[in-house]
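Comments concern the structure below.
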Amino acid sequence: MYKDQLNAYFEEHIDEILSDLAEIISIESVADEDSDIRPFGEGSKKALEWGMNKLSQIGMTTENIDNYAVHGDFFKDKEPVLAVLSHLDVVPAGEGWSSDPFRLDIRNDTLYGRGTIDDKGPSVAVLWAVKAIKELNIPIRKNFRVIFGGGEEIGCNDIDYYEKKVGFPEMIFTPDGSFPVLNCEKGMVHLKFEGTLPDNGINIKCGTVINAVPGKAVVSVNNNDELIYALNNTEPKLSFSDEDGKLVIRGLSSHGSRPERGVNTATALLDALVKCGYNEFEALSKVFPHGEYNGRSAGLGFSDKISGEMTMALTLLNVEGSKLSGGLDIRFPIDRKYTEISDIISNALNNAGMTVTECEGMESHYVDENSYFIQTLLRVYEDVTGQKGECISEGGITYVHNTKGGVAFGAEFPDENNNMHGPDEHISMSTFKYNLNLYANAIIELTK
C-alpha cells in the first residue's frame, strides 16, 4: 500500500485539486434531453469536454463517445481490466442554498456546491488519484479506464449507450454511493398518478423532481392562518412565508431513497388539509401518512436481512382547480420484484380514487461479496481508514445498478448526510481526502 506516500502528495497539491473542483462545479451541467444540443444539452457537453481535457492532460489516451460519455486509458495498447465510472451531470440546484450552488464554497473545513458529493467531487478525486500514480511512478502492469458520463441524473441513458457501443471490463466500480463497498442496491419504482377533486379554490405546487423529497410547497387556500395552525400541529419543523399572496411552506428536501432525512411538505400538507376539513384529501393522506417512510399504510412495508427496510416517499403533489397530480419514489428490498411492488401501490392509489398515469422502475442489484474484486476493495478500505471493511446495502440507485458485477465504492461514509440532491450539498474535507487516497490505492491494488 502507498497510503503515506499518496497522502503526502495530495497534501502538497491540495490547492490545485480544489482549483479543479471549483472549475467543474462552475459548469451548470444539468442534463437536458430536450435541448437542441444532443444528447444532453450544453452543460453536460461542457462538463464532458472538461473531463476529457483533464484526462488528456494527465497523459491518458482519451475518446469521446458521441457526447454520451468520455473515457481515458492509462495504457494505450492494452485492454482495461478495471473501469472507474462517475458522472459529471448534476440535478438542478433547487432552492434553499446558503451560497451559490455553482461556485465552490469552502467553510468550516467543508466543501459546498452542487456535485461536491454527487459526482463531481469524487470525479476530481479519481482524476488526481490517476495523476498521483503517474507522477509518483507507482508501478502498475494492467490497464484501467476512467469513464465520465453526462446523463446519469436523467436515467443513465449515457451509460446504456456506452455499454452497447464500447462495453465494460469485468471489474467496475463507481464513486456514486457509499463506503465501504455498496454491493446491494434496492429496486426502484417511480410512479405518477392523477385524480379529480371538488374545486374548492385550492391550488398546490409541491415538488420538482420525482426522486427528491419536496422541501417546498406553494399553496393558495381560503384561510392561510387555519392551514398554518394545522401544519404546525402536523410538523413543527416547517416554516412559512408569503409570496405574491400565496402561502409558501418550507420543509427540507432530501434524496428520494432517504426520505427520513427530509421534512416532506407534500405529506404534511395533505395531513393539514384534512385537519382543516378538506375531506377530499383524506383517502390520499391515508396512503401517505406524514412521517411514515416505508409504505406500510399502502400495503407495503417490506424488508429483508440483506437490504433492510424499503422506503416510499410522496415527491410530487400538484392541485389546480379540480385536477390533482402526484408522483412517488419507492425503493424495495432485493427479495421483491418490480411488478409486485407496482401492483400493490397502484391498487392502493386506485382505492383512493387516483389513476396511475406512468409507472417505471428497476429491479434490485446484488453482487456476491466473495470475489477477488470486492475483497480487494474491502482490504484497501481497511488499510487506508483503519475501519472494518464490509459490504452494505442502500436504497440509492448508483451508476452501476444495471451493470453486471459493478459496485459502488464511496464517495460518502454511511453515517454522513451530505444533502445529496438537496440544498447545500457538501463533502467534508476529511472525506474528500479519503476519496483521493482510497481511489488511488484501489486502482493500484487492482492493476499491479
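A few notes on this one:
- Residues located in the stretch 366-412, provided they are of a type in the set (Phe, Trp, Tyr) and open to solvent by 30 Å² or more (accessible area, probe 1.4 Å): 366, 372
- Test: residue in the stretch 312-332 that is surrounded by fewer than 16 Cβ atoms within 10 Å (Cβ to Cβ) and among the basic types (Lys, Arg): yes
- Looking across 9, 68, one residue alone is under 22 Å from the mean Cα position of the chain (by Cα), of a type in the set (Phe, Trp, Tyr) and either open to solvent by less than 40 Å² (accessible area, probe 1.4 Å) or within 22 Å of residue 165 (Cα to Cα) (or both). It is 68.
- Residue match in the stretch 424-444 (condition: touching a residue at least 24 places away in the same chain (Cβ under 8 Å), open to solvent by less than 10 Å² (accessible area, probe 1.4 Å), within 30 Å of residue 104 (Cβ to Cβ) and assigned to a loop (DSSP other than H, G, I, E, B)): yes
- Residue 349 open to solvent by less than 40 Å² (accessible area, probe 1.4 Å), within 30 Å of residue 11 (Cα to Cα), not polar (S, T, N, Q) and not in a loop (DSSP other than H, G, I, E, B): no
- Being in contact with a Ser or Thr (Cβ under 6 Å, 6 or more places away or on another chain) and among the aromatic types (Phe, Trp, Tyr) is a property that residue 293 has.
- For the stretch 74-88, filtering for residues that are touching a residue at least 24 places away in the same chain (Cβ under 8 Å) and more than 14 Å from residue 172 (Cβ to Cβ) leaves 4.
- Filtered residues of the stretch 274-292 (kept if surrounded by fewer than 20 Cβ atoms within 10 Å (Cβ to Cβ), without any contact (Cβ under 8 Å) to a residue 60 or more places away in the chain, assigned to a helix (DSSP H, G or I) and not basic (Lys, Arg)): 274, 279, 282
- Any hit, the stretch 372-383, residues being outside any strand (DSSP E or B), at pLDDT below 95 and of a type in the set (D, E, K, R): no
- Of all residues in the stretch 84-115, those satisfying the criterion of being of a type in the set (Val, Ile, Thr) and surrounded by fewer than 19 Cβ atoms within 10 Å (Cβ to Cβ) are 106, 110.
- Odd one out for residue 339 among (1) open to solvent by 50 Å² or more (accessible area, probe 1.4 Å); (2) not in a helix (DSSP H, G or I): (2)
- The number of residues in the stretch 168-200 being under 30 Å from residue 380 (Cβ atoms), open to solvent by less than 30 Å² (accessible area, probe 1.4 Å) and not aromatic (Phe, Trp, Tyr) comes to 17.
- Filter result for residue 175 (touching an Asp or Glu at 6+ places or on another chain (Cβ under 8 Å) and not aliphatic (A, V, I, L, M)): yes
Each row is one residue, and each column tells you yes or no for (1) surrounded by fewer than 17 Cβ atoms within 10 Å (Cβ to Cβ); (2) out of contact with any helix residue (DSSP H, G or I) (no Cβ under 6 Å at 6 or more places or on another chain).
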{"residue": "17", "(1), (2)": "no, no"}
{"residue": "44", "(1), (2)": "no, yes"}
{"residue": "54", "(1), (2)": "no, no"}
{"residue": "61", "(1), (2)": "yes, yes"}
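- Subset tally (residues that are in contact (Cβ under 8 Å) with a residue 24 or more places away in the chain, part of a helix (DSSP H, G or I) and within 23 Å of residue 360 (Cα to Cα)) for the stretch 139-190: 10
- Restricted to the stretch 214-273, the set of strands (runs of 3 or more DSSP E) holding at least 1 residues that are under 21 Å from residue 291 (Cβ atoms) and open to solvent by 70 Å² or more (accessible area, probe 1.4 Å) comprises 246-250.
- Residue, least open to solvent (accessible area, probe 1.4 Å), within the stretch 116-153, restricted to residues that are under 17 Å from residue 48 (Cβ atoms) and basic (Lys, Arg): 120
The values are calculated or read from the model by the stated rules, or taken from the named source; none is laboratory data. It should be emphasised that the depicted structure is a prediction, and the values quoted were computed from it without experimental measurement. In this analysis, Cβ positions are derived from the backbone assuming ideal geometry, glycine residues included, and neighbour counts consider all displayed protein chains. These area figures cover heavy atoms from the full protein model, side chains too; ligands, DNA and RNA do not enter into them. Shrake-Rupley method; radii C 1.70, N 1.55, O 1.52, S 1.80 Å.
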